Amino acid sequence: MAFPWGSGNGIAAAESPATRGIIPLDRVVAVVNEEVITLREMEERIKLASQRLAKQNTPLPPRDALERQILDRLINDRVQLQFAKDTGVRVDDTQLERALARVAEDNNLSLTAFREALERDGIPFPKFREEIRNEIILARLKDREVDSKILVTDAEIEQFLKNQEAEGSPREEFRLGHILVQLPEAASPEQIQGLRRRAEEALTQIKQGASFAQVAAAFSNAPDALQGGVMDWRPADRLPDIFLEALKSMNLGDVSEILRSPNGFHLIKLLEKRGRDAPFLVRQTRARHILMKTNDLLSEADVKTRLLGIKERIENGEPFAELARRYSEDASAPQGGELGWLSPNDTVPEFEQAMEALAPGKLSDPIKTPFGWHLIQVEERRNQDLSKERRQLTARQAIRARKSDEAYQEWVRQLRDRSFVEIRLEER
């Protein structure tokens, strides 16, 4: 019987007359700290990537380019997973089962049917299960090590919006193809020159008629390389300045010249663009409420009965505000229960559903939410243009996303540079 990698040299177990002449089933293609990446792992990932590219009708890149691309991704994933393990990032089986159920639901299948579909496609469910676990771990690690440390100040948002106004350009969204030839940290002049030649080779192939997606799969170090390099719709304010400058003179289908950033050399292709300047109208409700909670002396039935009595008093002419100040157990009580103008999703679903069912001036029956029992009155409604608020929120998200993209690539690069990585792919 052959073992995955024997004693670490890619050879099966000690040769005997029974095993002489058997071709080894596996070998080591890379060492990452104290772990190995095997040829079998790489082949499995290549198979999945090839299936994905085929579904996108993207021609496969040359075999050696695809191997390098997949191995590079496996190494990056492995150093992150090792760091996650060392620093206590875990996903328990309960959390994993919930995630798997959501994946199955997204595919309109029960978990059992989804498992059967995977098996029919030649994907062992235990393997898929661990891949999902690893994806969750990597997402949590990124959130902890990168996203949680990104700060966006009000001053940055203000300056961002001022820059938009000064440019006088309409707010646009772009769908791009992207190729990144990444530079290692503290790259030598020789490394920089060699990687620029690699970017030039990619551009030459595109100009000679090669598919951008195929070249991206072969050359790009960006996370979206094996999706053909496609960056899904992003507003202009979420794109690097060097991209925006290049896009000013590009038409649909154009490919940029080589762009240089601290991360490396980039090529972008303009796939689609669209405007997003329409007013953002939101239906808002001005409401007030009286909140009462159960305790050791008051059961739910008691609280509900008390609120029904208060409702009757209001309907008989007593002021809502006075009764709210006297009886409500909410921070809004001193303001007579006033909640101000509420937008969709500002309150818990139970409260919002009851509130939306009321005509202005009407009172609800007692409504239960996680906070207790409420008596709700709708005062008025309006359609409010929240374009300004939306622009501020979009600006904050854009600044955060841009910082996150750059910081994450830099963090992974530094983590890899601190790790021992030995590539044995060429050892045939």
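For residues in the range 80-108 being aliphatic (A, V, I, L, M) and more than 16 Å from residue 143 (Cα to Cα), which is surrounded by the fewest Cβ atoms within 10 Å (Cβ to Cβ)? Here the residue is 101. Restricted to the range 325-404, the set of strands (runs of 3 or more DSSP E) holding at least 2 residues that are of a type outside the set (Phe, Trp, Tyr) and surrounded by fewer than 12 Cβ atoms within 10 Å (Cβ to Cβ) comprises 372-385.
Each row is one residue, and each column tells you yes or no for (1) polar (S, T, N, Q); (2) farther than 28 Å from residue 389 by Cβ; (3) touching a helix residue (DSSP H, G or I) at 6+ places or on another chain (Cβ under 7 Å).
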site	(1), (2), (3)
288	no, no, yes
301	no, yes, no
343	yes, no, no
377	yes, no, yes
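Go through the range 222-256 and count every residue that is touching a strand residue (DSSP E or B) at 6+ places or on another chain (Cβ under 8 Å), modelled with pLDDT of 90 or more and over 30 Å from residue 45 (Cα atoms). Talk me through it step by step, then tell me what you get.
Narrowing the range 222-256 to residues touching a strand residue (DSSP E or B) at 6+ places or on another chain (Cβ under 8 Å): 222, 224-225, 228-236, 239-240, 242-243, 246-247, 250-256.
Subsequent filtering for residues that are modelled with pLDDT of 90 or more retains 242-243, 246-247, 250, 254-256.
Next cut, over 30 Å from residue 45 (Cα atoms) only: 242-243, 246-247, 250, 254, 256.
Matching residues across the range 222-256 total 7.
For the range 296-317, the criterion of being in contact with a Leu (Cβ under 8 Å, 6 or more places away or on another chain) and polar (S, T, N, Q) is met by no residue. The residues listed here are 178, 289; of these, the one that is within 16 Å of residue 61 (Cβ to Cβ) and crowded, with 19+ Cβ neighbours inside 10 Å is 178.
Do you know which of the residues in the range 104-125 that are acidic (Asp, Glu) and in a helix (DSSP H, G or I) is nearest to residue 43 (Cα to Cα)?
In the first step, residues of the range 104-125 are kept if they are acidic (Asp, Glu); the result is 105-106, 116, 119, 121.
Now drop any that are not in a helix (DSSP H, G or I), which leaves 105-106, 116, 119.
On the way: 105: 29, 106: 27, 116: 22, 119: 17 Å.
Out of the qualifying residues, it is 119.
Restricting the range 203-224 to residues that are within 29 Å of the chain's Cα centre (by Cα) and of a type in the set (S, T, N, Q), which is surrounded by the fewest Cβ atoms within 10 Å (Cβ to Cβ)? Among them, the one singled out is 211.
Of everything in the range 331-350 that is in contact with a Leu (Cβ under 9 Å, 6 or more places away or on another chain) and farther than 16 Å from residue 310 by Cβ, the residue that is modelled with the highest pLDDT is 347. The set of residues in the range 126-170 being at pLDDT 90 or above and outside any helix (DSSP H, G or I) consists of 146, 150, 151, 152, 153.
For residue 133, the criteria (1) outside the structural domain of residue 73 (by TED's automatic domain parsing); (2) within 23 Å of residue 83 (Cβ to Cβ) hold in every case but one, which is (1).
The combined condition, being within 30 Å of residue 187 (Cβ to Cβ) and crowded, with 16+ Cβ neighbours inside 10 Å, is fulfilled by residue 237.
Kindly indicate whether residue 28 is buried (at least 17 other Cβ atoms within 10 Å of the Cβ), on the phi < 0 side of the Ramachandran plot and either in contact with a Ser or Thr (Cβ under 8 Å, 6 or more places away or on another chain) or acidic (Asp, Glu) (or both).
Values: buried (at least 17 other Cβ atoms within 10 Å of the Cβ): yes; on the phi < 0 side of the Ramachandran plot: yes; either in contact with a Ser or Thr (Cβ under 8 Å, 6 or more places away or on another chain) or acidic (Asp, Glu) (or both): yes.
Spelling it out, residue 28 is indeed buried (at least 17 other Cβ atoms within 10 Å of the Cβ), on the phi < 0 side of the Ramachandran plot and either in contact with a Ser or Thr (Cβ under 8 Å, 6 or more places away or on another chain) or acidic (Asp, Glu) (or both).
Inside the range 37-89, can you point out the residues that are outside any helix (DSSP H, G or I) and modelled with pLDDT under 90? Those that are outside any helix (DSSP H, G or I) and modelled with pLDDT under 90: 56, 57, 58, 59, 60, 61, 62.
The values are calculated or read from the model by the stated rules, or taken from the named source; none is laboratory data. All values reported here derive from a predicted model rather than from experimental measurement. When we count neighbours, we look across all protein chains shown, and the Cβ atoms used for this are built from the backbone with ideal geometry, even at glycine.
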